[in-house]
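Following: one structure in structure tokens, then a few remarks.
Coordinate-derived values only; no laboratory data. Values in this document were obtained by computation on a predicted structure and should not be read as measured data. Every residue, glycine among them, receives a Cβ derived from its backbone with ideal geometry; neighbour counts consider all protein chains shown.
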Amino acid sequence: MRTSSTRGAVLLLIDLQNAIDHPDWGVRNKPFAEEKISRLLTRWRAEKWPVWHVRHDSVEPASHYRPGQPGHDFKPEVAPLPGEPVIPKRTNNAFIGTGLEDRLREGGHTTLVVVGVITNNSVEATVRMAGNLGFDTYLVEDGCFTFGRADWNGRFWSAEEVHAISLANLHGEYCTVVTAEEALNDAS
């Protein structure tokens with residue numbers, strides 16, 4: 001799948017809003033994901049490479065991601081700076097109804113480095129679409145996280161297990177899964 005380098009790629013941050021810290025979600029994996037993302041942000045900003053933020057604007061009345069709720073705000077440690085594009089979305093896929101594909105193509109961007117939440121939801125949906133649309137996509141495994149959940153049969157799977165299966169579903173066919181360190185080294 002890998003045909004390029006992360007150097008100069010669009011760093012796409014998905015749904016990194018305060019809502020993700022609400023206790024309703026349960027126990028997450030990758031407790032240091034925001035630190036890894038911050039390192040990537042620092043490098044991308046220093047190099048003046050494109051940094052784009054996806055913001056979930058939920059239409060569900062009870063959602064912590066709904067506009068007007070405290071959870072709708074970006075997490076301060078990974079919040080957009082002035083001039084960094086913010087792409088609002090209403091579904092779990094950053095390409096649906098947002099114009100993201102057109103904006104990427106108009107800007108000549110062919111490579112994405114993806115971080116954010118939730119690994120098996122918005123991250124997976126967006127990465128699948130990016131791969132299907134022909135973007136060379138890197139998913140930073142320690143720059144995203146998820147929560148434990150029960151499967152269809154009622155068996156509970158830990159956040160780390162759900163995360164690992166989601167990455168396995170994506171790697172090779174839709175993206176190249178890398179660590180933050182690998183993404184930083186590849187960008188050198």
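For this structure, a couple of remarks:
- Three semi-axes describe the equivalent ellipsoid of the chain; taken as square roots of 5 times the Cα gyration tensor eigenvalues and ordered largest first, they are 24, 19, 16 Å.
- Largest first and in whole Å, the equivalent-ellipsoid semi-axes of region 106-173 read 25, 11, 9, each the square root of five times a Cα gyration tensor eigenvalue.
- Extent of region 1-102 along its three principal axes (Cα atoms, max minus min coordinate, largest first): 41, 32, 32 Å.
- Computed over region 55-133, the ratio Rg/Rh where both radii use C-alpha atoms and Rh is Kirkwood: 0.96
- Percent antiparallel among DSSP beta bridges (both partners in region 10-186, rounded to 5): 15
- Spatially close Lys pairs in region 10-186, defined by Cα atoms under 21 Å apart and a spacing of eight or more places or different chains, total 4.
- With at most 16 other Cβ atoms within 10 Å, longest stretch of the chain clear of loop trypsin sites (Lys or Arg not before Pro) (DSSP): 91-154
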